[in-house]
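The values are calculated or read from the model by the stated rules, or taken from the named source; none is laboratory data. Fair warning: this is a prediction, and the values are worked out from it, not measured in the lab. A quick note on method: Cβ atoms are made from the backbone with ideal geometry, for glycine too, and the neighbour counts reach across all protein chains shown.
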Amino acid sequence: MLKNLEKEKIVNLIEESAFESMKSWKSCKRIILHENEHSLWIQSDVNSSFLNNILRFPFPHGDAGHFFRSLTDTNISLRCWVHQNVDAIPVISYLIKNNWKHKYDTVGMAIDLNSIHENIPINNKIVINEVKNLEMLRQWSLTFASIFNLPTIMEQAWYDIHVAMFHNAQPWRHYFVMLGEKSIAVASLFQHADVAYFAFGATSPEFRRQGIHSTLILRRLHDAQMSNCKIATLIAAPLSQAVCRRFGFQVYYKYHFYDWEAG
């Protein structure tokens, strides 16, 4: 399917699936979704750039500077997703000049689910648990918070967001890996139409390089196929890009992430 699509269409599919997954957070009363023709951002009741994300901003269709000032004037910490393209250069310049700090870069990737590389070494000794109830969701959430060192206030907000989505039957599937009594890895899948978006894949540092992340990717690829998805997409951090490529994911664009911390 991907080979018949223009690159711009694939980029749009990756962005749309990622954005729709985050828009589903509005199921939680702790989240406000701000969306119009030219901008999209998600606001939580926690002063954390991790939970307050600017996904789309009014450039070149409007005054991006005015838009960003209106947000920073609220004195909440923010994270801005900046798509790598020529038009983004003045936006990045503006952010840097106004004390936004470069956080990290990621890439948008996609794979045709009929073209998976199946001969990738995985860890057959682990058991992947799919979240089916609130007790399991709590375990998944705590594991995620531990891996990413979320402070308590953010940990509770993260759980509350996903409980709300669970009750509202949002199209998320969550997974965690247990080793004895310890949960050591997590991953998630969000389905939007016939596109599966992979998110939140992470393994505790001391258990990396054991094929756990690869095993979680393969499980989600197979689950996406069984759900009649045609394409899988993800936004990959540097640590994940190499293993995703081995399965056949291809890079289509880059994202730059900039944070503004409220004083």
Query raised in the report: Looking at region 224-239, which of the residues that are outside any strand (DSSP E or B) and in contact (Cβ under 8 Å) with a residue 60 or more places away in the chain is farthest from residue 147 (Cα to Cα)?
Result: 230
Query raised in the report: Looking at 70, 17, which one is modelled with pLDDT of 90 or more, closer than 19 Å to residue 93 by Cα and among the small types (Gly, Ala, Ser)?
Result: 70
Query raised in the report: With region 1-66 as the region, which strands (runs of 3 or more DSSP E) entirely inside it contain at least 3 residues that are touching a residue at least 24 places away in the same chain (Cβ under 8 Å) and closer than 16 Å to residue 257 by Cβ?
Result: 53-56
Report summary line: With the first residue restricted to region 101-118 and required to be over 30 Å from residue 226 (Cα atoms) and outside the structural domain of residue 223 (by TED's automatic domain parsing), and the second required to be part of a loop (DSSP other than H, G, I, E, B) and of a type outside the set (Gly, Ala, Ser), Cβ contacts under 8 Å at 6 or more apart or on different chains are 101/261
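Provide a single number: the residues in region 206-219 that are farther than 22 Å from residue 146 by Cα and in contact with a strand residue (DSSP E or B) (Cβ under 8 Å, 6 or more places away or on another chain).
Initial filter on region 206-219 (farther than 22 Å from residue 146 by Cα): 218-219.
Retained after the next criterion (residues that are in contact with a strand residue (DSSP E or B) (Cβ under 8 Å, 6 or more places away or on another chain)): 219.
So the count comes out to 1.
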Query raised in the report: Hey, among 232, 202, 236, which residue is under 18 Å from residue 126 (Cβ atoms), in contact with a strand residue (DSSP E or B) (Cβ under 7 Å, 6 or more places away or on another chain) and either buried (at least 20 other Cβ atoms within 10 Å of the Cβ) or of a type in the set (Gly, Ala, Ser) (or both)?
Result: 202
Requested in this report: With respect to residue 94, determine if the residue is in a strand (DSSP E or B), among the hydroxyl-bearing types (Ser, Thr, Tyr) and at pLDDT below 95.
Outcome: no
**Report entry** Residue identified as within 17 Å of the chain's Cα centre (by Cα) and among the hydroxyl-bearing types (Ser, Thr, Tyr) among 152, 106
**Finding:** 106
Query raised in the report: Residues that are closer than 27 Å to residue 257 by Cβ: which strands (runs of 3 or more DSSP E) entirely in region 105-221 hold 3 or more of them?
Result: 172-179, 182-192, 195-203
**Report entry** Residue selected from region 82-127 under the condition of a type in the set (Ser, Thr, Tyr) and surrounded by 12 or more Cβ atoms within 10 Å (Cβ to Cβ), by the criterion farthest from residue 221 (Cα to Cα)
**Finding:** 94
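Okay, residues lined up against (1) closer than 21 Å to residue 15 by Cβ; (2) surrounded by fewer than 20 Cβ atoms within 10 Å (Cβ to Cβ); (3) modelled with pLDDT under 95:
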| residue | (1), (2), (3) |
| --- | --- |
| 35 | yes, yes, no |
| 38 | yes, yes, yes |
| 45 | no, yes, no |
| 53 | yes, yes, no |
| 57 | yes, no, yes |
| 63 | no, yes, yes |
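Looking at this structure, is residue 207 without any contact (Cβ under 8 Å) to a residue 40 or more places away in the chain and surrounded by fewer than 20 Cβ atoms within 10 Å (Cβ to Cβ)?
Values: without any contact (Cβ under 8 Å) to a residue 40 or more places away in the chain: yes; surrounded by fewer than 20 Cβ atoms within 10 Å (Cβ to Cβ): yes.
Judged against the criteria, residue 207 is a match.
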